[in-house]
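*Asks:* Quick one: the structure is below, questions incoming.
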Amino acid sequence: MIAAAAPSLSYDWSQALSDLGQISPIAALTGFMLFAIIADLAIPIVRRSGVVAMVAVVGYTYSLATAAYRWKFATLGPAYHGYATGDSFAIFFEVLFAILGILTVAIAHPYLVRRGLREAEFHILVMAAVIGMMVLGSATSLVTIFLGLELFSIALYVACGFARADSRSQESAAKYLLVGGFASAFVLYGMALVYGASGTTLIPEIAKNIASSPASDPLLLLGILMMGVGFAFKVSAAPFHMWTPDVYQGARRCWLSWPP
C-alpha cells in the first residue's frame, strides 16, 4: 500500500524550474537570508547591523513583490510532487509574513540599539522564522509541515536566549528548548502513526484514505491525538500552556510577538 502511494520520481529541468516558481517567494527570502549571513561574517562590526537590516528589508520586500506578482499573473498549483503548493492560500500567508517581517525590522531597531544587542543576528533569526512560517503556509505534506514548524521553532529557541549576558534570557531559552523538543517529539510520532495508518504523508491522500476507511482506526486516531497534543504545546493552548509565563518573562521584548 505504501509503495502504491509513492509519487513518480521522474524529474527534469523544466519541472524543477516550475516547482521553484511555485515557491519563489520562499526561495527569494532564503537567498537573502544566506546573503545576510555572509554579510554578517564579512562586514566590519561597526557597519554590520545596518547592512544586514537593509538586506532583510530588501529581502522581505522582494519576497512580497514576488508573491503579489504570482497572485496576479502566474499559474498557481502544486510543487515537488505534491509536497508543497503555490496556491492563493500559500501566497496569502507569504504576503502576510513578509509584511510582518518588515514591521519587525522597523519596530525592533530602536530597542536593539538601546539595549546594545546584536542587531544583525536578530534580523537573520527573524528571516529564518519567517521562512519557516512561509513553508508551513505552503505545506501539503506532513513532512513539509514538520520542516517548516522546526525551522520556525529553532529560530525562536535561539532568539529567546538572544541576550547572552542575561541569565533570565538563558533560562527562557533552555525551558523553551526542552518544552519545544518534547512537543516536536509528540508531533513527529503522531505523524509517523498517521503515515502508518494511511500509507502516505500527503494531506489530500490522507483525507481520501480517512474518507474511505473506518474512522475508528485506533492507529490513525492515536496519531491525530498525538499531533494535536504536540501542536497544542507549540501554540500554548490550555491545558498545555503552563510553560509560557516563564519563557515570556525571560525573552527580550522585541521577540514577544513571535513565540506562540
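*Asks:* Need pairs with beta-carbon distance below 7 Å; first residue within 20 Å of TRP71 (Cα to Cα) and assigned by the TED database to the domain that holds LYS72 and within the stretch 7-23, second modelled with pLDDT under 80 and of a type in the set (A, V, I, L, M, F, W, C); sequence gap 6+ or separate chains.
*Replies:* GLY21/ALA74
*Asks:* List the residue pairs whose Cβ atoms are under 9 Å apart, where the first residue sits in the stretch 112-132 and is free of Cβ contacts under 8 Å to residues at least 24 places away in the same chain and more than 14 Å from MET54 (Cβ to Cβ), the second is of a type in the set (Phe, Trp, Tyr) and assigned to a helix (DSSP H, G or I), and the two are 6 or more positions apart or on different chains.
*Replies:* Here the result reads GLY132/PHE152, each pair linking the stretch 112-132 to a residue that is of a type in the set (Phe, Trp, Tyr) and assigned to a helix (DSSP H, G or I).
*Asks:* Being out of contact with any Asp or Glu (no Cβ under 9 Å at 6 or more places or on another chain) and not in a helix (DSSP H, G or I): is that true of ALA237 here?
*Replies:* yes
*Asks:* Based on this model, can you work out whether ALA67 counts as closer than 20 Å to THR140 by Cβ, surrounded by 22 or more Cβ atoms within 10 Å (Cβ to Cβ) and free of Cβ contacts under 8 Å to residues at least 60 places away in the same chain?
*Replies:* For ALA67, the condition - closer than 20 Å to THR140 by Cβ, surrounded by 22 or more Cβ atoms within 10 Å (Cβ to Cβ) and free of Cβ contacts under 8 Å to residues at least 60 places away in the same chain - is met.
The values are calculated or read from the model by the stated rules, or taken from the named source; none is laboratory data. Note that this is a predicted model, so its numbers are computed, not measured. With ideal geometry, Cβ positions are generated from the backbone for all residues, glycine too; neighbour counts draw on all protein chains shown.
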